[in-house]
Every structure is written in structure tokens, then in C-alpha cells.
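Notes follow the structure.
The values are calculated or read from the model by the stated rules, or taken from the named source; none is laboratory data. Please read these numbers as outputs of a predicted model, since none were measured by experiment. Neighbour counts run over all protein chains shown; Cβ positions are idealised from the backbone, glycine included.
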């Protein structure tokens, strides 16, 4: 199955944040990602399941890498631990840094515009915590 046959996955919004995330997947430092459950619900999308594969797109909308989900959990933010935070590959030292960055993103202008309101984010806010593995590089042959 090629990139074109897979559902796409876009990290954050196009630009530096997405580029850093894609680079972290490609260099192996990012093996986890987190989404706000409310975004899935608002978009009418099902929460993904372990075993599903996605084509991760770069900021230009081109396939960069194929990943396969190995674990998916819907949990309150307070259940995310330091190990998961570090697996996000963004240089978080601990869950406190992870949480601050995710609260800021979840309350960002882009997310608020998509939802039509600024979400309330706290300990009990449900997030989709996903762990994945890389199964194929992009067509350029990058690892």
C-alpha cells in the first residue's frame, strides 16, 4: 500500500511546528503524538486504532513518512506521564513542559477557529495519546 492509499495525518499547522514534528519522526526521536478528543469529535472523525497506518504530510502537503499506530488511548491529560511526554520528540524534559505546550496549542487561534470556540483545557480534558512506529520513508528515500 503506497502513500496515496493511506489516510493522511497532518501535525499541528503547516510551518515550523509541523516541520519540526516531521523531522523528529524521520530522525526517530518522535514516537508519540497527542490530539484533543474534542477536535476528532468536532470533525466527525473516529479515534484511530492500533494497527492503522497514516501518511504524515509535510508543510507542503506532500507525504513525508508512513507511520503505524501501535497504541492508542483516550485519557485525561492528568494521566500523561514523563515517558510519553519525552516520546513526543519535542525536547520536553517532563510532563509539565509537555502539558504547557499542549495547553497553549489546544487554546491557539487555529484550534479555536476550527472548533468555533476556545476549548477549556484542564486535568480532565480528554486527549488521544498515540504511539507509533515508522514503516516507510517518503518517496525521496529519506530514512
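The residues of the range 28-48 that are farther than 18 Å from residue 101 by Cα and either in a helix (DSSP H, G or I) or without any contact (Cβ under 8 Å) to a residue 60 or more places away in the chain (or both), listed by number, are 40, 41, 42, 43, 44, 45, 46.
Checking each residue in the range 91-143 for being over 19 Å from residue 38 (Cα atoms), in a helix (DSSP H, G or I) and at pLDDT below 95 picks out no residue at all. With respect to being under 22 Å from residue 91 (Cα atoms) and surrounded by fewer than 18 Cβ atoms within 10 Å (Cβ to Cβ), residue 72 fits the description.
Please work out which residue is farthest from residue 15 (Cα to Cα), limiting yourself to the range 49-62 and to residues that are part of a loop (DSSP other than H, G, I, E, B) and touching a helix residue (DSSP H, G or I) at 6+ places or on another chain (Cβ under 8 Å). Filtering the range 49-62 for residues that are part of a loop (DSSP other than H, G, I, E, B) and touching a helix residue (DSSP H, G or I) at 6+ places or on another chain (Cβ under 8 Å), the one farthest from residue 15 (Cα to Cα) comes out as 58. Whether a residue is surrounded by 12 or more Cβ atoms within 10 Å (Cβ to Cβ), in contact (Cβ under 8 Å) with a residue 40 or more places away in the chain and in a strand (DSSP E or B) was assessed, and residue 13 does not pass this test. Residue check: residue 90 meets all listed conditions (1) under 20 Å from residue 24 (Cβ atoms); (2) more than 17 Å from the chain's Cα centre (by Cα); (3) touching a residue at least 24 places away in the same chain (Cβ under 8 Å) but one, namely (2). Annotation: of all residues in the range 21-33 being within 19 Å of residue 95 (Cα to Cα) and surrounded by fewer than 19 Cβ atoms within 10 Å (Cβ to Cβ), the one that is farthest from the chain's Cα centre (by Cα) is 29. Taking the range 94-115 as the range and being farther than 22 Å from residue 15 by Cα and touching a helix residue (DSSP H, G or I) at 6+ places or on another chain (Cβ under 8 Å) as the test, the residues that pass are 94, 95. Exactly one residue out of 106, 54 is more than 17 Å from residue 132 (Cα to Cα) and touching a strand residue (DSSP E or B) at 6+ places or on another chain (Cβ under 6 Å), and it is 106.
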